[in-house]
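For reference, the structure discussed in these notes is given below.
The values are calculated or read from the model by the stated rules, or taken from the named source; none is laboratory data. All values reported here derive from a predicted model rather than from experimental measurement. Here the Cβ positions follow ideal geometry from the backbone for every residue, glycine too, while neighbour counts run over all protein chains shown. Ligands, DNA and RNA are excluded from the accessible area calculation, which covers all protein heavy atoms including side chains. Shrake-Rupley method; radii C 1.70, N 1.55, O 1.52, S 1.80 Å.
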Amino acid sequence: MRMAMGIIAGIVVAFLCVFVVEMIGHSLYPPPAGLDMTNPADQARVMEAMPVAAKAMVLAAWFLGALAGAWTANRIAGRSLAGWVVALLVIAAGVVTMVMIPHPIGMWAGGILLPLIAAWIAQRLSGSRTNAVAG
């Protein structure tokens, strides 16, 4: 039960963190006016026009969300598996976003690697056991 609660809490924390950091990024680097974000062509134009710092904010959101969510999950579950599950869900959400909206290859690499690094750091910081058996 602790494993499930940890994963659920971790997911909530991760996606809230991603949301907050991405909103900060959008306020610092707003998309160009007059674009329809439901139009795939306009979505591609936004990614092309987006400054590197704005792309870095997105990657930071995914990293920090995975870190906070994995740490939360590990602390509640008492096992590192919970944090790894959260990190994999952050990766899955990032991949879905990158498939729907064209992203440069560097964001693909960061979107997959940074949450994994975050989960590893969270495992070290939380002091959770590496035993994958649910408790």
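If you check TRP120, TRP71, TRP108, TRP84, which single one turns out to be open to solvent by 60 Å² or more (accessible area, probe 1.4 Å), more than 14 Å from PHE15 (Cβ to Cβ) and touching a Ser or Thr at 6+ places or on another chain (Cβ under 6 Å)?
Numbers: TRP120 fails: touching a Ser or Thr at 6+ places or on another chain (Cβ under 6 Å); TRP108 fails: touching a Ser or Thr at 6+ places or on another chain (Cβ under 6 Å); TRP84 fails: touching a Ser or Thr at 6+ places or on another chain (Cβ under 6 Å).
On inspection, the qualifying residue turns out to be TRP71.
Residues that are over 23 Å from ALA49 (Cβ atoms) and open to solvent by 10 Å² or more (accessible area, probe 1.4 Å): does the range 92-101 have at least one? Outline the logic, then answer.
First, the residues of the range 92-101 that are over 23 Å from ALA49 (Cβ atoms): 92-93.
Those still in the list that are open to solvent by 10 Å² or more (accessible area, probe 1.4 Å) too: 92-93.
Yes, the conditions are met somewhere in the range 92-101.
Keeping to the range 1-38, report how many residues are of a type outside the set (A, V, I, L, M), surrounded by fewer than 11 Cβ atoms within 10 Å (Cβ to Cβ) and touching a helix residue (DSSP H, G or I) at 6+ places or on another chain (Cβ under 7 Å).
Within the range 1-38, residues that are of a type outside the set (A, V, I, L, M), surrounded by fewer than 11 Cβ atoms within 10 Å (Cβ to Cβ) and touching a helix residue (DSSP H, G or I) at 6+ places or on another chain (Cβ under 7 Å) number 2.
What pairs come out if I take residues in the range 43-64 that are open to solvent by 50 Å² or more (accessible area, probe 1.4 Å) and pair them with residues that are modelled with pLDDT of 95 or more whose C-beta lies under 7 Å away, six or more apart or interchain?
Here the result reads LEU64/CYS17; LEU64/VAL21, each pair linking the range 43-64 to a residue that is modelled with pLDDT of 95 or more.
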